[in-house]
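The next block holds one structure in the form of structure tokens; read it before the comments.
Taken together, the values in this text are just the output of simple stated rules run on the coordinates, not laboratory data. Only a predicted model underlies this, so the values are computations on that prediction, with no experimental measurement involved. Glycine gets a Cβ as well: all are built from the backbone with ideal geometry, and neighbour counts include every protein chain shown.
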Amino acid sequence: MRVKRTLETDQFEAQSDLGKIYTIIEETQQTGSTSKGTTEWEDGAKSYRIVDNGYANRLSETTFHNSRTGETLIRSLRD
């Protein structure tokens, strides 16, 4: 049997050109196959939700587009 679920797989902050900080949550769609009581999950598409502000489109590893405001958001990567 095939089943689907959505998981929050990451959370990080990104900053707009004007200095506003947004929290972005990465969500991963997963599809699973259940056999003999065990489910094996495969990752699918990822989406990016901005807390209290709609959704973002990922443009690169560090650059996102706020679909509600039109702002470009930059994520700082940490080691």
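Near residue 14, within a Cβ-to-Cβ distance under 10 Å, what is the net charge of the other residues, with Lys and Arg +1 and Asp and Glu -1?
Details: positive: 20, 75; negative: 13, 71.
So the surrounding residues net to 0.
Just to check I understand the Karplus step: with θ = phi - 60° and J = 6.51 cos²θ - 1.76 cosθ + 1.60, what whole-Hz values come out for the range 57-62, glycine and proline as x?
Taking θ as phi minus 60°, the curve returns 9, 7, 9, 7, 4, 10 Hz for the range 57-62.
Taking a quarter of the surface of the Cα convex hull of the chain, what do you get in nm²?
Convex hull of Cα atoms, orientation-averaged projection: 6.4 nm².
Counting only residues 5 or more places away or on other chains, whose amide H sits under 5 Å from the amide H of residue 71 once H atoms are built in the peptide plane?
Result for residue 71 returns 66.
Dipole magnitude of the chain about its Cα centre, charges +1 at Lys/Arg Cβ and -1 at Asp/Glu Cβ only, in debye to the nearest 20?
Numbers: 11 positive and 13 negative charges, 65 e Å.
Result for the chain is approximately 320 debye, rounded to the nearest 20.
In a shell of Cβ-Cβ distance under 12 Å around residue 5, excluding residue 5 itself, what net charge do Lys and Arg (+1) and Asp and Glu (-1) give?
Neighbourhood net charge equals -2.
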